[in-house]
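The next block holds one structure in the form of structure tokens; read it before the comments.
The values are calculated or read from the model by the stated rules, or taken from the named source; none is laboratory data. No experiment lies behind these values; they were computed from the predicted model shown. Here the Cβ is made from the backbone with ideal geometry for all residues, glycine too, and neighbour counts use every protein chain on show. Remember, those area values only see protein heavy atoms, side chains included, never the ligands or the DNA or RNA. Shrake-Rupley method; radii C 1.70, N 1.55, O 1.52, S 1.80 Å.
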Amino acid sequence: EYIDADDGAGGVNQTRTDTATGDCVFPIISGVREENITGSEATVLWDTDEVSDTVLVWGETIPPSNTSTGDRRTTSHSVTLTGLQECTVYWYEVESTDPAGNTAVDDNDGAYFHFETLGDFGDGLQPCHAGQVVIDAGVYSCSDTVTFRVTDLDLNPDPEVADTATLLVTSTTETTAEFVLVTETGPNTSKFTGSIGTAHGPAVAGDGVLQIADDDIITVTYRDEDDGSGAAATSFDTAVADCGGPAVSNLRVDTITDQRATIRWNTAEPGDTVVEWGTTPSLGRTTTDSALTTGHAVTLNEFADCNEVWFRISSTDTYGNTTVIDDHGTPFRFALGTVPGLYYRATFENGADGWQLGGEWEVGTPQGLFGDPDAAYNNDGVLGEDLTGLGDNQGGYEPFAAETAASPILDATNWTNTKVMFYRRLRVHRTDDASLWVFAGPGWPLYRNDGSTVTESSFSFQEADISSLVDGKPGVRFEFRMRADAANEAGGWTIDDFIVKDGTQPDYGGCSDCGTPPAFAGATSAVYNDACGASGVTVNWNAAVSWGTGDGGTYNVYRGETPDFVPSASNLVASGVTGTSWDDTTAPTDRTLDYIVQAESDETCGTGPANGGVVDGNQVRVSVSETTSRPDPAEVAGVMVDLVGYAHVRLSWEPAAGATSYAIYRSASPDGGFTLLAETGDTFYEDRDQGDKQDTYYYRVRGRNACGTEGP
């Protein structure tokens, strides 16, 4: 501040001020680390809480003496060193000075930071004196062999022989380490390999086998006596145990016709596709697809209308774990459909079915000749041109062909709303004429290729409304034609399942004779809507796999208070449910309730409570305790802390009364600052990858009841 007695312009005693900021605090350095280490380069990074310069002091000895600099005004500091020597330890400290001249130095409390450049031992760059262990795969099954390797120059004292070393192998199940001998891959390679078999079951210490369970963490640890700096270090790598087959969901049978159906399901991980099936419960047939996928579909097409089919499915993942799904130990069952409003059908399974065949038209099994299919759309037989290799164009129509396949003469005097449908695979050149005609007096072309080349690679569904042409006529005939020129012949027509029907009816429908019940696995769970309030129970189930001889259906829910109750009208609490869950808002409280859910088809010739349909009759029960309050959890006792494989901190404790789960907290201080790490329903928890840290941690474990209330 300055008082200006005379500013030269008539002003007197004018106050003049200016300001500056005092900065007596040096920058706070954090996050010192190395990245992108190779055999000749490395990048050192650190952060500061204020803008400052970047100085790295480094060298091969302590104290380091070389200086390299980076950005002069930044909070994210980086210095890249080049021209370094392979397999060499470099020591360093970092410095940052702010614009006010305050300098911060971090030398790792006088021990200095260090890194080691990599070396090439024949398999690319890898650590030299700082040993590093690597597990060869990320996932192993419960009947597998875990293989691993470690590289360390210090494990190679004798360059003339293949040396050995010992590693520690643990799992979430087997926390006491198995000691595994690893052997050098050859004299003076400094590369060591080893393995251990896995097995499913409880831990057996020292048996040379690693016991694991699904989702276990497998850890291989190398205790390095000298990481190149003279200090001991720990290197570990982890893999995951996959001992369970793929989880299956959304199993269903759909696209049901009079001769075929598709079985579909989804898996949570890729697996193969296997369906065991047959027309009796003993099955006897198997259809497989080895491709690993999460969306599975198998079409079965060797039936007649209203046939019953039994089946079970399975999927095996890439680790050899298999999941088999059936109806509680017995195969699922479904029924083929029928063709409602059927007037005429030719499946070509029993010869020509009265068709008149001219030229090279045949009825039989397709052979895949000249672009023909190698199988029928359904079952075995088709109607087609040259199925067996007649004439010069084996499998196809001949030059100048003029040939027809004509149906029997059909009486349509009682037909109404007539529709024709069939499955076609057609291959014809544009200069040839492929057509389908209907004759009921004069002839009308229902289809012709009209100068277009058609090269179908699969069967396609064809349909046409012919009611105006044939309804009420005493004589109706259909005719497939082929007229060819002298060149560019092709495979011609292949026809399967030629059907004439009432077009107002569905193409396919259930047999509706109450002959086959729904395939339904029953209820999956019952859960209270509010653990600490009387707000009802929700019962859940998976959709019915099929509806038997019905076209669809609904679900009925029964409730009892004894585990052996029998479903009846007296304990029916809901019927005609269309979804896959039901909210029982009137569930009585402070008692254990049991529920049974049954599927009922939409037929009306049975005894079901919703509409007189067929009921599957399963007796699968699910239980729930509907209460208005829960006791507070007791204090968790007997907490133990163990170091698993020098890699993970494992907490274990005794069950606490009233606890349905446990909350795990961690802090760097025993006096506070605890943060929630995880919540688990187990009585153990592993704080992964914390075992080799130089930090001190404090843990708390508290029980939680179903209401979320924590104990002491």
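Taking the Cβ-Cβ separation of S458 and T103 as r and a Förster radius of 60 Å, what is the calculated FRET efficiency to the nearest 0.05? The formula returns an efficiency of 0.20 here. Note that the range 500-622, at 20 °C in a medium of 1.002 mPa s, gets a Stokes-Einstein diffusion coefficient of 141 µm²/s from its Kirkwood radius over C-alpha pairs. Over all alpha-carbon pairs in the chain, figure out the percentage whose distance exceeds 39 Å. The proportion of pairs with Cα distances above 39 Å equals 62 percent.
In terms of its C-alpha gyration tensor, the range 431-517 comes out oblate, because a/c is 1.5 or above while a/b does not outweigh b/c.
Each label was represented as a point 7 Å from its Cα along the Cα-to-Cβ direction; for R285 and T19 these points are 9.0 nm apart.
Its Cα gyration tensor gives the range 157-249 an equivalent ellipsoid; the semi-axes, largest first and in whole Å, are 30, 14, 13. Cβ screening of the chain for cysteine pairs under 4.7 Å finds these without a partner: C24.
Each Lys and Arg Cβ is given +1 and each Asp and Glu Cβ -1; about its Cα centre, the chain then shows a dipole of about 3180 debye. All C-alpha pair distances within the range 245-396, sorted into 5 Å bins from zero, spread as 2, 9, 15, 16, 15, 12, 11, 9, 6, 3, 1, 0 percent across the bins. Summary value for the range 214-277: 25 percent relative contact order, contacts being C-alpha pairs under 8 angstrom separated by 6+ residues. Rounded to the nearest 5, the antiparallel percentage of DSSP beta bridges internal to the chain is 95%.
Relative contact order for the chain: 7 percent, from Cα pairs under 8 Å spaced at least 6 residues apart, divided by residue count. Applying 1/(1 + (r/R0)^6) with R0 = 60 Å to the Cβ-Cβ distance of V566 and D136 gives a FRET efficiency near 0.60. Sorted from greatest to least, the principal axis extents spanned by the alpha carbons of the range 1-43 come out as 75, 19, 9 Å. Only helices enter the 222 nm calculation for the chain: every DSSP H run of n ≥ 4 contributes -39,500 (n - 2.57), and dividing by all residues gives 0 deg cm²/dmol, rounded to 500.
Based on C-alpha pairs under 8 angstrom that are at least 6 apart in sequence, the range 487-609 has a relative contact order of 30 percent.
Remark on the range 214-292: ratio of C-alpha radius of gyration to 2.2 N^0.38 Å is 2.06. Each label was represented as a point 7 Å from its Cα along the Cα-to-Cβ direction; for R483 and T166 these points are 9.3 nm apart. Take the Cα of T185, step 7 Å toward its Cβ, do the same at D471, and the gap between the two points is 8.1 nm. Within the shell of other residues whose beta carbon sits under 9 angstrom from the beta carbon of S625, the net charge comes to -1, with Lys and Arg scored +1 and Asp and Glu -1.
Per 5 Å bin, what percent of the C-alpha pairs of the range 583-712 does each bin hold, from zero upward? Whole-percent P(r) values from 0 Å outward: 2, 9, 13, 14, 12, 9, 7, 7, 7, 7, 5, 4, 3, 1, 0. When a/c reaches 1.5 or more, the comparison of a/b and b/c decides; with that in mind, is the range 1-133 rounded, prolate or oblate per its Cα gyration tensor? In terms of gyration-tensor shape, prolate.
Taking amide H positions as modeled 1.01 Å from N, with prolines and chain starts lacking one, the residues under 5 Å from V133 and 5 or more places away or on another chain are F236.
Which residue, chosen from H129, A401, P99, occupies the Cα position most advanced towards the positive end of the dipole of the chain, where the dipole is computed from +1 (Lys, Arg) and -1 (Asp, Glu) charges on Cβ about the Cα centre? Result: A401.
In the context of the full set of protein chains, residues of the range 1-148 present 54 Å² of accessible surface per residue (probe radius 1.4 Å, heavy atoms only).
Full extension of the segment from S76 to A657, taken as 0.36 nm per residue of separation minus the current Cα-Cα distance, would add 204.1 nm.
Each peptide among 695-707, 258-270 gets the average number of other Cβ atoms lying within 10 Å of its residues, and from highest to lowest they stand as 258-270, 695-707. Ligands, DNA and RNA are left out, and with a 1.4 angstrom probe the accessible area of the range 340-424 is 41 Å² per residue.
Given their separation in residues at 0.36 nm each and the Cα-Cα distance between them, T176 and R33 gain 48.2 nm when the chain is fully extended. If R0 is 22 Å, the Cβ-Cβ spacing of Y698 and A232 corresponds to a FRET efficiency of close to 0.35.
Note on the range 332-491: Rg/Rh from C-alpha atoms, Kirkwood Rh, equals 0.98.
Sorted largest first, the principal axis extents computed over the alpha-carbon atoms of the range 575-659 equal 68, 35, 19 Å.
A full extension of the chain between D215 and E710 corresponds to an added length of 175.5 nm, given 0.36 nm per residue minus the alpha carbon distance.
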